[in-house]
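Here's the structure we're looking at; comments come further down.
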Amino acid sequence: MTTLAHNKWLGLCCEAVRNNLKKIRVGFEKESLRVNRDGHIAQTSHPAGAGKALTNKYITTDFSEAQLEFITPAVQDMGDGIEFLKDIHRFTARAMGKDEFFWNASMPPMLLSDDDIPIATYGTCNAARIKTLYRKGLANRYGKRMQAISGIHYNFSLPDELWECMHARLGEGRSLQDFRSDGYLALIRNLQRHGWLLLYLFGASPAIDRSYLEHAPDNLEAWAADTLYGPHATSLRMSGIGYTSVVQGKLDIRFNNMTDYLDGLRAALDTSESLYEAIGVVDGDSYKQMNTRQLQLENELYGSVRPKRNAYDNERPITALCRRGVEYIELRSIDINPFLPVGIDVEQANFLNLFLTFMAFADSPQVSAQERDVLAERTRVVAEMGRKPGLQLPGFDQPTTIPAAAAELFPGLKDLAGLFDEVYGGTAFADAVAAQMAKIANPALTPSAKVVAEMKSYGSYQALIAALAEAQTTHFRAEPMDEASAKQLEEQAEKSFKQWQKMEAEDITPFDQYLNAQAAYFCPPGCGRY
């Protein structure tokens, strides 16, 4: 079991930890489909008042033209981050049509056909066309329905000062860049081991509209005529019917060191896949996908967490990682909680910061290929039936239930919460831990259990989320906005339009040439440090 390694981190550098905990930074990325009053995906274009999706750094689109993506700056105060996310919702709600609402849930609404999911468009310049082409590739490879799933990406970084302190004591001849990258990879390995806990505590997608699946799997039950649900499921988004890929399931992506990770990612970007060769790249005068490789681009790699580095202009993500190492992690396993206006709140963010810091502080042995498969199975089991009484988690030396496994983690989390509360003042972190411990003791308190209960009260999954969507969006339209945030969002929308116009007017490179350059330009072996 994981223990809080006082001798490794806190015991050696407790004062530095104490002095720098307030510098932890988090950025939120939240996806949300736009739906009309009938509860169907909106067929309208991206709201003009929200600026241009290609160039607005706060408001863009994900896979679908109707799938909004809201992005906050990285902040040190979780209350400020959540409030800015709310202001983005308020601003966009005013820009949308009055009969359109935010679908504040991870699994999509009723789908009459794949044609209900319009692929996002961004313009006619090459940068715009390649974003749409990438999404066409996703549709042809995985189907549109899977791409209509939404979630929250939680971008987390420990302060540089903390890494510098740790490096001075534990660097063992490594550069600070390598030491920091190794530290984030260790955090990721611990998330592979213990990320199941987040699905249990915060999973909020135990049900789907029946239209999402052509055939109902055996592990789901019917409720009324149009709803399927897992009686004990926590996160169908993270289950076998969520983000899954046969091809990606066989990729050798490891997090034991940067060389292994980047080599695995390079191979996926450079290896042609027979299933995608069968799809083809060009059909007449139009493209069907960017290429036939296992990954068209780095962002196509699914998974619950990724190591990340902000890239420069015209720099591929893998190149940025190779040259400058890991800067933060992107936690991707967070469901949208439909009962929270923006899908997440400060209490959850406080616990996530505590949990991720704990995962960074804890011992983290390397993960073998065999253990990786066992850990993936553990995550699947919790996603599909985590609230089942007496459920045994795979991969332990002896029969282990969720309460037993959690009991090994929470003492260390409580210890660390005490340190956080000393630094921040108050009891917010201890309170966050207590709230999660209550969910372990009583599964009815979990968001997934509440979704099932409310869904049955409303009569269906669709009816519940549609009612919440209308009420929440109407409230956002009526709520006052922070004046500074409103000005910031208005200026960014105007700036995005001007930047988009400039790109549209100045782009003269033939698209075929641009695509070939993009497809060929990724970090080769020997580039940078790895």
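To the nearest 10 square angstrom, what accessible area does residue 243 show with a 1.4 Å probe?
60 Å²
Write down the radius of gyration of the chain and its Dmax, each obtained from C-alpha positions, in Å.
Answer for the chain, Rg first and Dmax second: 22.6, 65 Å.
Could you list the square roots of 5 times each eigenvalue of the Cα gyration tensor of the range 225-322, that is, the equivalent ellipsoid semi-axes, sorted largest first and rounded to whole Å?
27, 22, 14
So for the range 145-250, what percent of the C-alpha to C-alpha distances run longer than 21 Å?
55 percent
Using the Cα atoms as the points, what is the convex hull volume per residue of the range 289-401 in Å³?
About 202 Å³ per residue, rounded to a whole number.
If r is the Cβ-Cβ distance from residue 218 to residue 170 and R0 is 45 Å, what FRET efficiency results, to the nearest 0.05?
Efficiency, rounded to the nearest 0.05: 0.35.
Using alpha-carbon positions, what is the distance between the centroids of the range 248-274 and the range 440-466, in Å?
Here the answer is 38 Å between Cα centres.
May I ask you to compute the full-extension gain from residue 479 to residue 434, defined as 0.36 nm times their residue separation minus their alpha-carbon distance, rounded to one decimal in nm?
Using 0.36 nm per residue and subtracting the Cα-Cα distance, I get 13.1 nm.
With viscosity set to 1.306 mPa s and temperature to 10 °C, compute the Stokes-Einstein D of the range 262-315, Rh being the Kirkwood radius across alpha carbon pairs; µm²/s, no decimals.
124 µm²/s
Find how much the distance from residue 226 to residue 124 grows on full extension, using 0.36 nm per residue of separation minus their present alpha carbon separation; answer in nm with one decimal.
In short, 32.8 nm is gained.
Report the FRET efficiency, 1/(1 + (r/R0)^6), for residue 371 and residue 160, where r is their Cβ-Cβ distance and R0 is 45 Å, rounded to 0.05.
Step by step, r from the Cβ atoms, then E = 0.90.
Once you list every other residue whose beta carbon is under 14 Å from the beta carbon of residue 354, what net charge do they have if Lys and Arg are +1 and Asp and Glu are -1?
-3
How big is the gap, in Å, between the Cα center of the range 207-232 and the Cα center of the range 300-335?
What the calculation gives is 34 Å, centre to centre.
Need the full-extension length gain, residue 347 to residue 398, defined as separation in residues times 0.36 nm minus the C-alpha distance. One decimal, nm.
Extending this stretch completely gives an extra 15.0 nm.
Would you compute the Debye intensity of the range 1-155 from its alpha-carbon atoms alone, equal scatterers and no solvent, and pass along log10 I(q)/I(0) at q = 0.10, 0.12, 0.17 Å⁻¹ to two decimals?
-0.46, -0.60, -0.96
Please calculate how many Å² of accessible area the chain carries per residue, with a 1.4 Å probe and no DNA, RNA or ligand atoms counted.
Ligands and nucleic acids excluded, the result is 40 Å² per residue.
From largest to smallest, what semi-axes in whole angstrom does the range 392-530 give when each is the square root of 5 times an eigenvalue of its alpha carbon gyration tensor?
Taking √(5λ) for each Cα gyration eigenvalue gives 43, 30, 23 Å.
Give, to the nearest whole percent, the P(r) tail of the range 182-231 beyond 17 angstrom, counting all Cα pairs.
Here the tail beyond 17 Å accounts for 53 percent of pairs.
In whole percent, how big is the carbon plus sulfur part of the accessible area of the range 229-337, probe 1.4 Å, protein atoms only?
In the range 229-337, the share of accessible area belonging to carbon and sulfur is 45 percent.
Could you look at the range 411-530 and say what percent of its accessible area is carbon and sulfur, using a 1.4 Å probe and all protein chains?
Using a 1.4 Å probe with all protein chains present, the range 411-530 comes out at 56 percent carbon and sulfur.
How large, in percent, is the carbon and sulfur part of the accessible surface of the range 95-197 at a probe radius of 1.4 Å?
The C+S portion of the solvent-accessible surface of the range 95-197 is 46 percent.
Heavy atoms only, probe 1.4 angstrom, no DNA, RNA or ligands counted: give me 245, 274 ranked by accessible area, highest first.
Largest accessible area first, the list is 274, 245.
Nearest 20 debye, what's the magnitude of the dipole of the range 75-198 about its Cα centre given +1 on Lys and Arg Cβ and -1 on Asp and Glu Cβ?
It works out to roughly 580 debye.
The values are calculated or read from the model by the stated rules, or taken from the named source; none is laboratory data. Note that the structure is predicted; figures quoted are calculated from it, not measured. We place every Cβ from the backbone using ideal geometry, glycine too, and count neighbours over all the protein chains shown. Remember, those area values only see protein heavy atoms, side chains included, never the ligands or the DNA or RNA. Shrake-Rupley method; radii C 1.70, N 1.55, O 1.52, S 1.80 Å.
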